[in-house]
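See below for the structure under consideration.
The numbers here are math on the coordinates, done by the rules we state, and not lab data. Bear in mind the structure is a predicted one, so any value in this text is a computation, not a measurement. Cβ sites come from the backbone with ideal geometry, for glycine too, and all protein chains shown count toward neighbours.
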There are 2 protein chains.
Amino acid sequence: MQKMQNKTDSDVRPRAEPETTATQSKRPLRDRRRSLAIGLLRAREAVMSHFRPILAAHDVTEQQWRVIRVLYEGGKLDATELADKASILAPSLTRMIRALEERGFITKHKDSADGRRVLLQITPAGQAIVEDVMPESQKVYADIDARFGEERVEKLLDMLEELASLKLENGPIGEE
Amino acid sequence: MQKMQNKTDSDVRPRAEPETTATQSKRPLRDRRRSLAIGLLRAREAVMSHFRPILAAHDVTEQQWRVIRVLYEGGKLDATELADKASILAPSLTRMIRALEERGFITKHKDSADGRRVLLQITPAGQAIVEDVMPESQKVYADIDARFGEERVEKLLDMLEELASLKLENGPIGEE
DNA sequence: TTTGAATGATTCTCATGTTAATCAGTGAGG
DNA sequence: CCTCACTGATTAACATGAGAATCATTCAAA
């Protein structure tokens, strides 16, 4: 972001009546509430902190791990599917493909049917890493289950899933 | 990450018995389970997708928003406190301070008592943005409450908080 | 058949995450 | 007073997130 830093002033609606802005600071707004955005961020950070050492030991990043894991389980996929399943943006995936291919964890070749599409597949070397990391990963999740309660984890996952699929007024797409 | 790419081979334990790795691929490991890490990631992404347009309209990133919001509510803070409250890493904060200061949203000056510490404070311009964005932000949360259920949101926040404070065996710090 | 809209991927650019290294200021001991 | 371990902040280097623009290919309509 931060690229419209120098956008035209036309779409920066002028701040009307300074009395309702700067002066309003006398009675600061209070957000008081715990925020979902932050809560999710902190929880995820906490969870990941237990995985990062495992992944680091195998010299793969969290995102690289998601990519090769998806390919491990999903066979041959095109970039779009892969990006979606691994929750990675297309531009990031493009870069990662380059790196992962150089390291010999995946192979890439164009789809003979549709010349635009790029097909990705995991290599034996990639499979080896997955099979090396997966057990340790599952151990961490088992540990979380034990501490947090398996049913509660399931309930949490349900809520997260539902939250992710929530459609609100003024959807994220924007309705100009 | 990815900097130990060329670390010594000594800490890469040799893959023993190929029968248990590459060959094992005949019966691929299945992770089958929904993963907390991914679930949290997707949920957060979904939630943020509703806020990003608001923040973008004011030309601030999500992290910048967290920083000025914390300063708005917390008064004068040093970098460490700020980083902690805004869930931002120190190196990131250093860069952000530079940018936010140039844009006139915050001020920075050394602590007279402790020369190492850097004190940060929001400016009227920064307050104005907070007071501009906050209402829209709260509207989104209100919408989420309506769709998802206020009590369920609270319950979710409780679980997230507990998850974030979970101490597991083999803590993230590593016990060598 | 040809053109033009649509799609899939890549490239660009800037901001942040992440780890390690470094720098500066503090403070307790010697 | 001086040294050294420690703390707080910054810098360095690489990877990814995010949005916009571009490129190539496909496909449907003219």
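Measuring from label point to label point, each 7 Å out along Cα→Cβ, what is the A:Thr61 to B:His109 span in nm?
Reported label-point gap for A:Thr61 and B:His109 is 4.0 nm.
B:Glu101 versus B:Lys139, label points 7 Å from Cα toward the beta carbon: distance in nm?
Those two pseudo-labels are separated by 3.5 nm.
Just to confirm the numbers: B:Gly115, label point 7 angstrom along the Cα-Cβ line, distances to the other copies in nm, shortest first?
Nearest first, the other copies' label points are 6.7 nm away.
Rounded if a/c is under 1.5, else prolate if a/b beats b/c, else oblate: with a ≥ b ≥ c from the C-alpha gyration tensor eigenvalues square-rooted, which is the stretch B:82-176?
In terms of gyration-tensor shape, oblate.
Suppose you put the label 7 Å out from Cα in the Cβ direction; list, shortest first and in nm with one decimal, how far A:Glu62 is from each other copy's label.
Copy-to-copy label distances for A:Glu62: 1.1 nm.
Place the label 7 angstrom along Cα→C-beta at B:Lys167 and in each other copy, then list the distances from the first to the rest in nm, shortest first.
In nanometres, ordered from closest: 4.6.
Please average, across the residues of B:45-52, the number of beta carbons from any other chain that are within 10 Å of each residue's own beta carbon, and give a whole number. Spell out each step's value before the answer.
Values: counts 4, 12, 11, 5, 5, 7, 4, 3.
The mean count of partner-chain Cβ atoms within 10 Å per residue comes to 6.
Taking amide H positions as placed 1.01 Å from N in the peptide plane, with prolines and chain starts having none, which residues 5 or more places from A:Asp78, or on another chain, fall under 5 Å of its amide H?
Here the answer is A:Leu120, since their amide H atoms fall under 5 Å of that of A:Asp78.
Pop the C-beta distance of A:Asp132 and B:Ser35 into the FRET formula with R0 = 22 Å and round what comes out to the nearest 0.05. Spell out each step's value before the answer.
Numbers: r = 18 Å, r/R0 = 0.80.
It comes out at approximately 0.80.
Ordered by residue, what ³J(HN,Hα) values in Hz, to whole numbers, does the stretch A:142-150 give under the Karplus form 6.51 cos²θ - 1.76 cosθ + 1.60, where θ = phi - 60° and Gly and Pro are x?
4, 5, 5, 4, 5, 6, 9, x, 4
Please state the shape class of the stretch A:57-108: rounded when a/c is under 1.5, otherwise prolate if a/b exceeds b/c and oblate if not, all from the C-alpha gyration tensor. Don't jump to the answer; show the numbers that get you there.
Working: a/c = 1.31, a/b = 1.27, b/c = 1.04.
It comes out rounded by the Cα gyration axes.
What is the residue of chain A with the smallest Cβ distance to the axis taking A onto B, and what is that distance in whole Å?
A:Leu40, 3
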